[in-house]
Amino acid sequence: MPALLPTETLMDIFEWASATDRHTAFNLCLVASWTKPLAERHLYATIKTEYKGDAKLLERWLAEMRKTRKAPPGAEHVRNLWIAFRYTKPDPSRAHQAPAVNGLPLEPVLFAQLRLAFPRLRSLGWDEWRRENSLFGWDQPRLTFDRIRRALSSLPTPTLTERDPGNAPYGLPPPGGKHVHLTVNEVPDLQHADEEHNAAFDEITHLRFRPGAQLEGDEVLESNFWYMLTQYHNLTHLSFGYRKYGDGELWFAERDSAPLKNLQMVVIEVDIFYRSNWDGALELVRYHRAQHKNGEQRVFTCPSLLDEDQWESEAFGGESIWERARAFTQRLRDNNWKVPREFRHW
């Protein structure tokens, strides 16, 4: 009679199997009561609301939050969360509504409440959807910002530490050793924002603007971009898209200032469909690498990808934007800064 596997070994096997993909994790949740807790941590590890099932799950969790005023079961397993939501500018003629904004800021209280709901969160995609109509057959997100805000506001209001931005230190290790990666798709209108730094953002170490986000074009946008960066005191990685000459100049102009001098890596993601984009981006990268006294080794570049797909791939163990940028920049250097043919679409 063959020997039985030790219980610990059997549990390790099920743990490994549930980590391979979400379909396997779901099936293992149904095998037995003792396999369910092993598989759930992987079933709920990555939630992307562009998937109908994930959107329904998050809606159910939001409803439970409003009812129970606490984080719902299962949410404690979420490590990667992509939230796509609809947002409509408030009507300024209606006094009870907030002033209209050009991009929805992820406010400190809202982010802190997200962290209460998802305590193991490591990567957050904040995907604001502003299309009035469905374009190219794309469906608008099911979720609305108001629904998300109301559900999170039902949780206990966390105590947030505000600090004078003139005295608040930059570049400290995140509290508790927690590192959160944030991807956003808009530069928000922060003209009327509170100027005090808030410690709620101190966990955010990696910030990525979607390649389509407009970062340059007028003084208000550049001011908002700069102010947004000053709110993240522990940034080590920053990525933004390059679509026209001028994108990125603000960062290079301020690179030695307190909010940015501790950055270990800056990535310029290039829209590959125009030769002028590559010409401008490579000129920036090469110039600032050459001019910096020690060589600006923090600056990298790579082609932009559909970031929600790349984000999901990274969540499941694929190559991150940071790894991809390092590899691509090295490839450019080895090729005398000539862009490989497969990335030249002109």
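The values are calculated or read from the model by the stated rules, or taken from the named source; none is laboratory data. These numbers were taken from a predicted model, which means no experiment stands behind them. Heads up, the Cβs are rebuilt from the backbone with ideal geometry, glycines too, and the neighbour counts pull from every protein chain shown.
Output the residues belonging to the range 301-337 that are of a type in the set (Asp, Glu) and either without any contact (Cβ under 8 Å) to a residue 60 or more places away in the chain or not assigned by TED's automatic domain parsing to the domain that holds residue 287 (or both).
Hits for the range 301-337 are 309, 319, 323, 334.
Exactly one of (1) over 27 Å from residue 78 (Cα atoms); (2) modelled with pLDDT under 80; (3) buried (at least 19 other Cβ atoms within 10 Å of the Cβ); (4) of a type outside the set (A, V, I, L, M, F, W, C) is unmet by residue 291. Its number?
Failed condition: (3).
Give me a count of the residues in the range 11-46 that are within 31 Å of the chain's Cα centre (by Cα) and in a loop (DSSP other than H, G, I, E, B).
Qualifying residue count for the region: 5.
Regarding residue 49, is this residue closer than 30 Å to residue 113 by Cβ, polar (S, T, N, Q), assigned by TED's automatic domain parsing to the domain that holds residue 124 and in contact (Cβ under 8 Å) with a residue 12 or more places away in the chain? Quick ask: steps written out before the conclusion?
Values: closer than 30 Å to residue 113 by Cβ: yes; polar (S, T, N, Q): yes; assigned by TED's automatic domain parsing to the domain that holds residue 124: yes; in contact (Cβ under 8 Å) with a residue 12 or more places away in the chain: yes.
Yes, satisfied.
State which residue is nearest to the chain's Cα centre (by Cα) when the search covers only the range 254-286 and only residues that are among the aromatic types (Phe, Trp, Tyr) and modelled with pLDDT under 80. Even if it seems obvious, please write down each step before you answer.
Narrowing the range 254-286 to residues among the aromatic types (Phe, Trp, Tyr): 273-274, 278.
Keeping just the survivors that are modelled with pLDDT under 80 gives 273-274.
On the way: 273: 24, 274: 26 Å.
So, considering only residues that are among the aromatic types (Phe, Trp, Tyr) and modelled with pLDDT under 80, the one nearest to the chain's Cα centre (by Cα) is 273.
If you check residue 250 against the conditions, is it modelled with pLDDT of 80 or more and either in a helix (DSSP H, G or I) or within 18 Å of the chain's Cα centre (by Cα) (or both)? Write out each step before concluding.
On the way: modelled with pLDDT of 80 or more: no; either in a helix (DSSP H, G or I) or within 18 Å of the chain's Cα centre (by Cα) (or both): yes.
Criteria not met by residue 250.
Applying the selection to the range 47-65, what residues are in a loop (DSSP other than H, G, I, E, B) and out of contact with any strand residue (DSSP E or B) (no Cβ under 8 Å at 6 or more places or on another chain)?
Taking the range 47-65 and keeping what is in a loop (DSSP other than H, G, I, E, B), we get 49-51.
Selection gives 51 alone.
Answer yes or no as to whether residue 144 is hydroxyl-bearing (Ser, Thr, Tyr), within 20 Å of the chain's Cα centre (by Cα) and either surrounded by fewer than 18 Cβ atoms within 10 Å (Cβ to Cβ) or at pLDDT below 60 (or both). Working first, answer last.
On the way: hydroxyl-bearing (Ser, Thr, Tyr): yes; within 20 Å of the chain's Cα centre (by Cα): yes; either surrounded by fewer than 18 Cβ atoms within 10 Å (Cβ to Cβ) or at pLDDT below 60 (or both): yes.
So residue 144 passes the test.
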